[in-house]
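**Student:** Questions regarding the structure given below will be posed in turn.
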Amino acid sequence: MSFSALILAAGQGKRMRSDKPKVLHEVCGQPMLRYVVNAAKEAGAAEILVVVGPDGSAIREALSDETITWVTQERQEGTGDAVRCARGALEKGPGRVLVLCGDTPLMQGVTLAELLDRFETQSAAAAILTVEMEDPTGYGRIVLDADGNLERIVEEADCSPAEAEIADVNTGFYVFRRDDLVE
């Protein structure tokens, strides 16, 4: 199964209180983004696209040794907008798109491959990787319908008291059929 990895790396990292782009903060001597690129390659990505902000030169430079298609998100207006900015670059790519967060250095290629396999066996239009957390504070909750399908993702600030009790949270990793995503 051929797929493109679309890595979102335009976040400013305001909570980190640093002028350095969030994805360039190092873990064990490497920028966080490098670990995500490596995980995508380990999972078998046919191409890697990275979305950066308008001043993404430091990120491009830090990963200049990688084969990456760079996409610029001029105005950082969220995850959906970052994916929208990549539409043109995705139009002729492989049939699947794996969307990843660039600040998740612990993600492993084997986990991404399992998500892609699950996506294929379910014949779904989209899939999301979730995790159950003992303390889901700060994360978007996964709300399922009566059939166990994703109904919506509710950010913590918007949760009802019942939704705040949900332990299943959004990891920010998704798989889409390319044609559906581009459309």
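The values are calculated or read from the model by the stated rules, or taken from the named source; none is laboratory data. Keep in mind the model is a prediction, meaning the values are calculated, not measured. Here the Cβ is made from the backbone with ideal geometry for all residues, glycine too, and neighbour counts use every protein chain on show. Ligands, DNA and RNA are excluded from the accessible area calculation, which covers all protein heavy atoms including side chains. Shrake-Rupley method; radii C 1.70, N 1.55, O 1.52, S 1.80 Å.
**Student:** Loop only per DSSP, at most 12 neighbouring Cβ atoms within 10 Å: give me the trypsin sites (Lys or Arg not before Pro) in segment 1-72, ordered by residue number.
**Tutor:** Values: sites: Lys14, Arg15, Arg17, Lys22, Arg34, Lys41, Arg60; in loops: Arg17.
When the trypsin sites (Lys or Arg not before Pro) of segment 1-72 are filtered for loop state and at most 12 Cβ neighbours within 10 Å, Arg17 remain.
**Student:** Provide the net charge surrounding Glu74, with neighbours chosen by a C-beta distance below 15 Å and charges set as Lys +1, Arg +1, Asp -1, Glu -1. Write out the running numbers ahead of the final one.
**Tutor:** Numbers: positive: Arg75, Arg84, Arg87; negative: Asp55, Glu77, Asp81.
In short, 0.
**Student:** Moving to a separate point now. Report, to the nearest whole %, how much of the accessible area of the chain belongs to carbon and sulfur atoms, 1.4 Å probe, protein only.
**Tutor:** Values: 4660 of 10210 Å².
Carbon and sulfur: 46 percent of the exposed surface of the chain.
**Student:** Once a ≥ b ≥ c are taken as the square roots of the eigenvalues of the Cα gyration tensor of the chain, is the result rounded (a/c under 1.5), prolate (a/b larger than b/c) or oblate (a/b not larger than b/c)?
**Tutor:** Verdict is oblate for the chain.
**Student:** Note down the accessible area of Cys101, probe 1.4 Å, to the nearest 10 Å².
**Tutor:** Probe radius 1.4 Å; accessible area of Cys101 about 30 Å².
**Student:** Most mobile of Asp135, Asp55, Asp117 per a Gaussian network model of the chain (Cα springs, under 10 Å)?
**Tutor:** Evaluated over the chain, the most mobile residue of the options is Asp135.
**Student:** Would you please give the residues with an amide H less than 5 Å from that of Cys101, counting only those at least 5 places away or on a separate chain, with H modeled from the backbone geometry?
**Tutor:** It is Leu8, by chain and number.
**Student:** Tell me, what is the per residue accessible area of segment 6-153 in Å², probe radius 1.4 Å? Let's see the in-between values first.
**Tutor:** Values: 8350 Å² over 148 residues.
Result: 56 Å² of accessible area for each residue.
**Student:** Another question, if that's okay. Obtain the nm distance between the two label points defined at Gln122 and Val143 by a simple spin-label model: each point lies 7 Å from its Cα along the Cα-to-C-beta direction.
**Tutor:** It is 1.9 nm.
**Student:** Shifting gears a bit: Cβ under 15 Å from Asp65's Cβ, Asp65 left aside: what net charge do those residues give with Lys, Arg +1 and Asp, Glu -1?
**Tutor:** Values: positive: Arg34, Lys41, Arg60; negative: Glu61, Glu66.
Local net charge: +1.
**Student:** Between Arg87 and Asp180, what length comes free when the chain is fully extended (0.36 nm per residue of separation minus the Cα-Cα distance, one decimal in nm)?
**Tutor:** Details: separation 93, 0.36 × 93 = 33.48 nm, distance 1.10 nm.
Length gained between Arg87 and Asp180: 32.4 nm.
**Student:** Name the GluC sites (Glu not before Pro) in segment 91-123 that are in a loop by DSSP and that have at most 16 other C-beta atoms within 10 Å, would you?
**Tutor:** Details: sites: Glu91, Glu114, Glu120; in loops: Glu91.
Of the GluC sites (Glu not before Pro), the ones in loops of segment 91-123 whose Cβ has at most 16 other Cβ atoms within 10 Å are Glu91.
**Student:** Separate question: Classify segment 1-100 as rounded, prolate or oblate, taking a ≥ b ≥ c as the square roots of the eigenvalues of its Cα gyration tensor: rounded when a/c is under 1.5, otherwise prolate if a/b is larger than b/c and oblate if not.
**Tutor:** Details: a/c = 1.98, a/b = 1.29, b/c = 1.54.
Since a/c reaches 1.5 but b/c is at least a/b, the shape of segment 1-100 is classed as oblate.
**Student:** Relative contact order for the chain using alpha-carbon pairs under 8 Å, separation at least 6, rounded to a whole percent?
**Tutor:** Working: 333 pairs, mean separation 45.7, N = 183.
After rounding, I find 25 percent.
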